[in-house]
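Following: one structure in structure tokens, then a few remarks.
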Amino acid sequence: MKRGGPIVRWLELQLLVVPATAALVGLLTIYLARVGTTRWTWSDLTASLIFIAVLGLTSIWLGILGLRGDQLVLPIVAMLACLGLLLSQRLSPTIGGSGVWASLSQRQLAYLVLAFAVLWVTVLVVRRFEWIKRFKYTWALGASALTLFTMFFGTDLGSGARLWLDLGPITVQPGEIVKVLLVFFLASYLDDYRELLTSSYRIGPLSLPPIPYLIPLVAMWGIAVLAVVLQNDLGNALLLYGVFLVMLYAASGRGYYVAGGLLAFAGAVIVALRVFPRVQQRIHIWLNPWSDPTGLGMQPVQADLAFAHGHIFGSGWGFGYPQAVPVVATDYAFAAIGEELGSLGTIALVALYLVLILRGFLIALRIRNGFVRLLTVGLVTVLGLQTIIILGGNVRLLPLTGITLPFVSAGGSSLITNFLIVGLLLRASEQARG
């Protein structure tokens, strides 16, 4: 594709005014609610000013690179990231203070700046996608190796699952990058064997695909998922399984693949209920958290109370009690927003995710290159399923898993990986022009 020179992404810049304004007003509201006075200085808004500067520089950088892709994705992501930044600042006892929550807000700001840097580098480096396709087995082996390494050498930070690698001053969660590597492999393999997967032979009333070509696909996926299950991280196993089914359907158009996959998943759930005590425990607490409201059921009980306290308009930034929900910054960020921004705030948050996912699928539909289209579908599905799983867990439509809310929950690994996905989507959107 012939690329032009630098441009000004006017629509994007205009839309970025919304998250920039929300960052200023939100942090100022939190500060005034905390100190109880109308006196403030610009130094009290340092986090928001840094965030605004990064937003403007990012749009300018994309323009310098001559990126002529979608101009709606970044403002939506920026608004979600803004809410995550405000939530971390809200949970800190003082603006720029000390302690666990204060360190959380400082880390979240640092992670957010680093995530935008990853976005910059991704858009700069990934000019074409063909090289990703050439290394498809490298991605599969890398994903399997990372999950196996984490399973044997990982650290349990209190969730009951060994998901983290302790690197001294920081801990990382390899599972976040594993899902991207798996999408790379699935998109490459499915595009190579698309015609064979859509062909079939009949055994009586059944129409079956050519099994030999499915074996490497299912085997590589199975290794990653099996390792995740052995790590006791069933949330990521569900996410990877869902991504696998969606991408298989997108490549083949065969609904019976999805039906068979769902039946297999139902069987796996029954087995998991019998084999893994932790799964039984989660199901029991999901169905009846009030059976142990001060122990295992404290999280869902306090989250329900937070949603109820928020009513329609919310208690307002700084006037709720989000700290009453255990691990609120990661597992229950949605409940904290529901309490302080109310039902209207949660509806707006869900709408942002819906627009982002629909925009991503629209980009995929407009791409002619089969591999890039499948890659885009996979990346968007990762964001969409992750959002559905954690939101469903927060409102008790689904059992809670350890998955984070994209762009909002605290955590560097998740934030950086999601901005990597956004960078790839922006580059892919260039191929959807016209």
* Could you please find all residues in segment 377-433 being over 17 Å from VAL121 (Cβ atoms), modelled with pLDDT of 90 or more and small (Gly, Ala, Ser)? => GLY378, GLY384, GLY392, GLY393, SER409, SER414, SER429
* Asked: Given the conditions (1) part of a helix (DSSP H, G or I); (2) at pLDDT below 75; (3) touching a Gly at 6+ places or on another chain (Cβ under 8 Å), and given that LEU248 satisfies all but one, which numbered condition is not satisfied?
  -> (2)
* Total residues in segment 109-135, condition closer than 19 Å to PRO6 by Cα and not in a helix (DSSP H, G or I) -> 3
* **Test: ILE347 is at pLDDT 90 or above, β-branched (Val, Ile, Thr) and either in a loop (DSSP other than H, G, I, E, B) or surrounded by 14 or more Cβ atoms within 10 Å (Cβ to Cβ) (or both)** => no
* Quick check, is ILE312 of a type in the set (Val, Ile, Thr) and over 26 Å from the mean Cα position of the chain (by Cα)? -> yes
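Looking only at segment 311-327, which residues are open to solvent by 30 Å² or more (accessible area, probe 1.4 Å), in a helix (DSSP H, G or I) and under 21 Å from PRO399 (Cα atoms)?
Residues of segment 311-327 open to solvent by 30 Å² or more (accessible area, probe 1.4 Å): 311-313, 315, 319, 321, 323-324, 326-327.
Filter once more, keeping what is in a helix (DSSP H, G or I): 323-324.
If the condition is that a residue be open to solvent by 30 Å² or more (accessible area, probe 1.4 Å), in a helix (DSSP H, G or I) and under 21 Å from PRO399 (Cα atoms), then ALA324 is the only one that fits.
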* Structure fact -> Filter segment 274-283 for residues that are within 26 Å of the chain's Cα centre (by Cα) and not polar (S, T, N, Q); the one that is most open to solvent (accessible area, probe 1.4 Å) is ARG282
* Which residues, counting only those in segment 133-148, are crowded, with 20+ Cβ neighbours inside 10 Å and modelled with pLDDT under 85? -> SER144, THR147
* Have a look at LEU273, LEU296, LEU287 and point out the one that is modelled with pLDDT under 80 and farther than 30 Å from LEU190 by Cβ. => LEU273
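Within segment 16-59, which residues are outside any helix (DSSP H, G or I) and either open to solvent by 30 Å² or more (accessible area, probe 1.4 Å) or without any contact (Cβ under 8 Å) to a residue 12 or more places away in the chain (or both)? Break it down stepwise before answering.
Filtering segment 16-59 for residues outside any helix (DSSP H, G or I) gives 16, 36-41.
Residues satisfying the conditions are GLY36, THR37, THR38, ARG39, TRP40, THR41.
Identify all residues within segment 223-245 that are closer than 22 Å to ARG194 by Cβ and at pLDDT 75 or above; write none if there are none.
Just the residues of segment 223-245 that are closer than 22 Å to ARG194 by Cβ, to begin with: 224, 240-245.
Hits for segment 223-245 are LEU240, TYR241, GLY242, VAL243, PHE244, LEU245.
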* **Residue in segment 34-51 that is charged (D, E, K, R), more than 20 Å from ALA428 (Cα to Cα) and touching a helix residue (DSSP H, G or I) at 6+ places or on another chain (Cβ under 7 Å) present** => yes
* Looking at this structure, is ASP331 more than 26 Å from ALA22 (Cβ to Cβ) and of a type in the set (Asp, Glu)? -> no
* Asked: Somewhere in segment 409-424, is a residue among the hydrophobic types (A, V, I, L, M, F, W, C) and over 19 Å from ILE177 (Cβ atoms)?
  -> no
* To do: Only residues that are assigned to a loop (DSSP other than H, G, I, E, B), open to solvent by 10 Å² or more (accessible area, probe 1.4 Å) and not small (Gly, Ala, Ser): list them for segment 404-434, please.
  => THR404, ARG433
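Does segment 332-349 contain any residue that is closer than 30 Å to LYS136 by Cβ and either in contact with a Pro (Cβ under 8 Å, 6 or more places away or on another chain) or not β-branched (Val, Ile, Thr) (or both)?
The first filter runs over segment 332-349 and keeps only residues closer than 30 Å to LYS136 by Cβ, leaving none.
Checked against the condition, which is being closer than 30 Å to LYS136 by Cβ and either in contact with a Pro (Cβ under 8 Å, 6 or more places away or on another chain) or not β-branched (Val, Ile, Thr) (or both), segment 332-349 yields no hits at all.
Going by the structure shown, is LEU365 open to solvent by 10 Å² or more (accessible area, probe 1.4 Å) and within 13 Å of the chain's Cα centre (by Cα)?
For LEU365, the condition - open to solvent by 10 Å² or more (accessible area, probe 1.4 Å) and within 13 Å of the chain's Cα centre (by Cα) - is not met.
Collect the residues in segment 251-303 that are charged (D, E, K, R) and either in a helix (DSSP H, G or I) or closer than 30 Å to VAL328 by Cα (or both), keeping them in residue-number order.
Quick first cut of segment 251-303, residues charged (D, E, K, R) only: 254, 274, 278, 282, 292.
Within segment 251-303, ARG274, ARG278, ARG282, ASP292 meet the criteria.
Can you give me the number of residues within segment 246-271 that are over 19 Å from ILE390 (Cβ atoms), of a type in the set (A, V, I, L, M) and surrounded by 14 or more Cβ atoms within 10 Å (Cβ to Cβ)? Break it down stepwise before answering.
So in segment 246-271, the residues over 19 Å from ILE390 (Cβ atoms) come out as 247-264, 266-268, 270-271.
Remaining after also requiring of a type in the set (A, V, I, L, M): 247-248, 250-251, 258-259, 262-264, 266, 268, 270-271.
If we keep only those that are surrounded by 14 or more Cβ atoms within 10 Å (Cβ to Cβ) too, we end up with 247-248, 250-251, 258, 268.
Within segment 246-271, residues that are over 19 Å from ILE390 (Cβ atoms), of a type in the set (A, V, I, L, M) and surrounded by 14 or more Cβ atoms within 10 Å (Cβ to Cβ) number 6.
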* Asked: Considering THR330, THR381, which residue is polar (S, T, N, Q), crowded, with 21+ Cβ neighbours inside 10 Å and either over 30 Å from GLU195 (Cβ atoms) or touching a residue at least 12 places away in the same chain (Cβ under 8 Å) (or both)?
  -> THR381
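Taking segment 299-310 as the region of interest, how many residues are of a type outside the set (A, V, I, L, M, F, W, C), under 16 Å from PRO399 (Cα atoms) and surrounded by 24 or more Cβ atoms within 10 Å (Cβ to Cβ)? Please lay out each step first, then the result.
Residues of segment 299-310 that are of a type outside the set (A, V, I, L, M, F, W, C), as a first pass: 299-300, 302, 304, 309-310.
From the residues that got through so far, the ones that are under 16 Å from PRO399 (Cα atoms) too are 299-300, 302, 304.
If we keep only those that are surrounded by 24 or more Cβ atoms within 10 Å (Cβ to Cβ) too, we end up with 300.
Of the residues in that region, 1 qualify.
The values are calculated or read from the model by the stated rules, or taken from the named source; none is laboratory data. None of the values given here were measured: they were computed from a predicted structure. Positions of Cβ are backbone-derived with ideal geometry, glycine not excepted, and every protein chain shown enters the neighbour counts. Side chains included, ligands, DNA and RNA excluded: accessible areas come from the protein's heavy atoms. Shrake-Rupley method; radii C 1.70, N 1.55, O 1.52, S 1.80 Å.
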